[in-house]
1. To the nearest 500 deg cm²/dmol, what mean residue ellipticity at 222 nm is calculated for the chain from DSSP H runs of n ≥ 4 alone, each contributing -39,500 (n - 2.57), summed and divided by the residues?
2. R0 = 41 Å: FRET efficiency of residue 59 with residue 204, Cβ-based, nearest 0.05?
3. Hey, rough spin-label estimate for residue 231 and residue 16, points 7 angstrom out along Cα→Cβ, what's it come to in nanometres?
4. Give the residue list of trypsin sites (Lys or Arg not before Pro) in region 73-148 that are DSSP loop and have at most 16 other beta-carbon atoms within 10 angstrom.
5. For residue 88, go through the lysines and keep the ones whose alpha-carbon is under 19 Å away, minus same-chain ones fewer than eight residues off.
6. What helices does the chain hold that run 30 Å or longer along their axis, going by alpha-carbon atoms, with a Kyte-Doolittle average of -1.0 or more, using DSSP H for the helix calls?
7. Residue 132: net charge of surrounding residues, Cβ under 14 Å, Lys/Arg +1, Asp/Glu -1, itself excluded?
8. Given an 8 Å cut-off on Cα distances and at least 6 residues of separation, report the relative contact order of region 27-147 as a percent.
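The values are calculated or read from the model by the stated rules, or taken from the named source; none is laboratory data. Note that the coordinates shown come from a computational prediction; the quantities given were computed from them, not determined experimentally. Backbone-built Cβ (ideal geometry, glycine too); neighbour counts: all protein chains shown. All accessible areas refer to the heavy atoms of the entire protein, side chains included, with ligands and DNA or RNA removed. Shrake-Rupley method; radii C 1.70, N 1.55, O 1.52, S 1.80 Å.
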Amino acid sequence: MNNPNRYFIADIHLTDNQPDITAGFLSFLDTLPDHCELYILGDLFDYWVGDDVNSTLHQQVAGALHSLTNRHIKKYFVHGNRDFLLGKQFAKSCDMTLLTDINCLTKPNKNIVFLHGDLLCSDDPQYLKFRKIMHCKWLQKLFLCLPLFIRLKIAAKLRQKSSQHNQIKSEAIMDVNQQSVINMMVKYNADTMIHGHTHKPATHTFLINDEPVSRIVLSAWHDGISYIKQECNSSDIILYNHCCK
Ligand code: LP5
Ligand code: MN
């Protein structure tokens, strides 16, 4: 029995303000073949302030993802830095499995490691410190107890501060650190890494211990659909990086 084909996407940044991206996302789901697996590598939503936000957008997305189950499509979700609060309740309404921050898929000889990508930005200790605070369980619980309008205000403030900070950070600081990439690939015995976050789509090939490996970076969806397809047949696994306007 062949493995299912796998599709990887990230950084869709769904928001009420950009219905064209939502429409693109929903039609992308329609094009998925039956019996495949869909891996969403974070920042599906532009921000997430709690599963209790029952907006039309959230209902539409949950309905569309859930209905993929009728076509035997499994959905997996890795949190991004914008939607790290997406919880079990919403995942259930999508019939989607929540994964940990770093995950591995086995290939015949080596593994594929996949993650959102922000953890690899180790040239930016300020961000990693900020991330650590945002991931404090008690702080998240406290935040989720706040009235919705306050949560939305805090999220808007954080977004504003973040874009101010990003304007003065260099491109290099906001990209992944090559040594962190290598360390993670060695740790997971991976010859392939897939991630998003940086919005710099590319396939980087390099050597680890004289063996060729690749890091495939997904694009954000502001400029069109982007996905990686892992095609499985008995002898081969091929990864395609598709970006279409
Ligand atoms: O995603 P992107 O490209 O904008 O920037 C990221 C990093 N920024 C973030 C912040 C998010 O955008 C905010 C998401 C809000 C989610 C909902 C709210 C949930 C609140 C839960 C509370 C428990 O991730 C950015 C990186 C960039 O990627 C590239 O890697 O540079 O990091 C930053 O900008 C962080 C700064 O370096 C430090 C930020 C200091 C903020 C100070 C906050 C003070 C305001 C407090 C308001 C109450
Ligand atoms: Mn991100």
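1. Working: 7 runs with 82 residues, N = 245.
For the chain, the value works out to -10500 deg cm²/dmol.
2. On the way: r = 38 Å, r/R0 = 0.93.
Computed FRET efficiency for residue 59 and residue 204: 0.60.
3. Each label point is offset 7 Å from its Cα along the Cβ direction, giving 4.2 nm.
4. Values: sites: 74, 75, 82, 88, 92, 110, 129, 131, 132, 137, 141; in loops: 82, 110.
In loop regions of region 73-148 (DSSP not H, G, I, E or B), the sparsely surrounded trypsin sites (Lys or Arg not before Pro) are 110.
5. Partners found: 74, 75, 137, 141.
6. Details: long enough: 148-168 (31 Å, -0.39).
Passing helices, by number: 148-168.
7. Working: positive: 129, 131, 137; negative: 101, 118, 124.
So the environment of residue 132 carries a net charge of 0.
8. Working: 146 pairs, mean separation 30.7, N = 121.
Normalised by residue count, the contact order of region 27-147 is 25 percent.
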